[in-house]
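Just below is one structure, and these are the notes that go with it.
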Amino acid sequence: MLQLAAVALANHAAQPAPQLYWNSLLPNTQMPRAISELLHPDSTNEEKSTNIMSAVGNGKPTDHKGKPENIPMANVLYNNRYDHPTDNQLHYKNVAIFFLENDMRPGATTNFQFARNSNMATFLPRVSAQSIPFSSNKLSEIFNHFSVKPTSVEAKTIKQTIEECEAPGVKGEEKYCATSLESMVDFSTSKLRTRNVQAISTEVLEKGATMFVHKYTTMPGLKKLAGDKVVVCHKQNYPYAVFYCHAIKSTAAYVLSLKGDVGVKVKAVAICHLDTSEWSPKHLAFQILKVKPGKIPICHFLPTDHIVWVPNHKSA
């Protein structure tokens, strides 16, 4: 018995602080891959996260020939500043970045690339993250902390991420940039008003399947998740794991199984925005789908490094 207790204590001590916090607050919530893969034993080591050259990746999707695109997927999905698409952005018309609810029916086909973000920066414990400035007023301090030259590409990426976090949200959006897993858990559960939650991410079940666009067929078994208010968190390009989270009303979340043209299997998460009346009329979604802002639900898949939080079905 003493031996078993010692092993249990050793395993507990070996877990990084963010995982211990998750286990404490969300003991019945399975941790999605988009989070668990950012929890390494050395994630408590701040030095590991200061390798900015490898941490600040571009996360750009590629086309059929592997050509990088120029804009982060999350910005296309949620940022109304992208309402004047360039030729590169219009490349997305060749893939189903936006679609209608009916397009998720069994047997429907779609072209999509579930690209992986090259930024694999891991979580810092909250106490470590809070000790590092995260403000546009403290950019010099931040650059010095990570030994980044102010004129470098890495500095520009850091600046852009912080500015996105500080920008005001659209009407009806409650946003927050979580600089630790602990703060992401706190924000998400507070906005859903329960700790009885599900946290789900898109999972590509075959290695290498994220490299190119595939033609996918929707399989039977579409599942609508509980609640009409969800919290979605998107990984940002930063030296350590930072997630842009926002609570969105009038939103439905679905999980569906997709089978690709070469046997690729994906457990995909889709978000449908039920009211787009506050969106810019020039938003890329309306140009692709040939609809206008209003009550026609507009849907999109979540990339593999995004997480959707919803109340559990058993939630009171």
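Positive end of the dipole of region 137-223, charges at C-beta (+1 Lys, Arg; -1 Asp, Glu), about the Cα centre: which of S147, H214, A178 has its Cα farthest in that direction?
Comparing the listed Cα positions along the dipole, H214 ranks first.
Can you list which of the trypsin sites (Lys or Arg not before Pro) found in region 204-266 are DSSP loop residues with at most 10 other C-beta atoms within 10 Å? Present the calculation step by step, with values, prior to reporting the outcome.
Working: sites: K207, K215, K223, K224, K229, K235, K249, K259, K265; in loops: K207, K229, K249.
When the trypsin sites (Lys or Arg not before Pro) of region 204-266 are filtered for loop state and at most 10 Cβ neighbours within 10 Å, K207 remain.
Indicate the gyration tensor shape class of region 129-242 (rounded, prolate or oblate), computed on the Cα atoms with a ≥ b ≥ c the square roots of the eigenvalues: a/c under 1.5 is rounded; otherwise a/b larger than b/c is prolate and the rest oblate. Present the calculation step by step, with values, prior to reporting the outcome.
On the way: a/c = 2.42, a/b = 1.45, b/c = 1.67.
Verdict is oblate for region 129-242.
Please calculate the 1.4 Å probe accessible area of E203, with all protein chains present, and give it to the nearest 10 Å².
E203 has an accessible surface of roughly 40 Å² with all protein chains in place.
Once you order the gyration tensor axes a ≥ b ≥ c over the Cα atoms, which shape class does region 161-316 get: rounded for a/c under 1.5, otherwise prolate or oblate by comparing a/b with b/c? Walk me through the numbers on the way to the answer.
Details: a/c = 1.33, a/b = 1.18, b/c = 1.13.
Rounded, since a/c falls under 1.5.
How many angstrom lie between the Cα centre of region 109-137 and the Cα centre of region 226-262?
Comparing the Cα centres of region 109-137 and region 226-262, I get a distance of 14 Å.
Exceeding 21 Å between C-alpha atoms, which entries from my cross-link table qualify? They are K175/K267; K223/K265; K223/K267; K175/K235; K138/K171; K224/K267.
Result: K175/K267; K138/K171 exceed 21 Å.
List the trypsin sites (Lys or Arg not before Pro) within region 112-202 that fall in a DSSP loop (any state other than H, G, I, E or B) and whose Cβ has at most 12 other Cβ atoms within 10 Å.
Listed in order of number, the matching sites are K171, R193.
How charged is the neighbourhood of D186? Take every other residue with its Cβ under 15 Å from the Cβ of D186, and add Lys/Arg as +1 and Asp/Glu as -1.
With Lys, Arg at +1 and Asp, Glu at -1, the net is +3.
Just by accessible area at a 1.4 angstrom probe, what is the order of D261, D103 from largest to smallest?
Greatest to least solvent exposure: D261, D103.
I need the shape label for region 198-277. Rule: rounded when a/c is under 1.5, else prolate if a/b > b/c, else oblate, with a, b, c from the alpha carbon gyration tensor.
Oblate.
Averaged per residue, what accessible area in Å² does region 207-281 show with a 1.4 Å probe, protein chains only?
Result: 38 Å² per residue.
As a test question: what accessible area, to the nearest 10 Å², does I288 have when a 1.4 Å probe is rolled over all protein chains in place?
Counting only protein heavy atoms, I288 exposes about 40 Å² to solvent.
The values are calculated or read from the model by the stated rules, or taken from the named source; none is laboratory data. In this text the structure is predicted, and so the values were computed from the model without any measurement. Cβ: placed from backbone, ideal geometry, glycine included. Neighbour counts: every protein chain shown. Just so you know, the surface numbers come from the protein's heavy atoms only, side chains and all, with ligands and any DNA or RNA stripped out. Shrake-Rupley method; radii C 1.70, N 1.55, O 1.52, S 1.80 Å.
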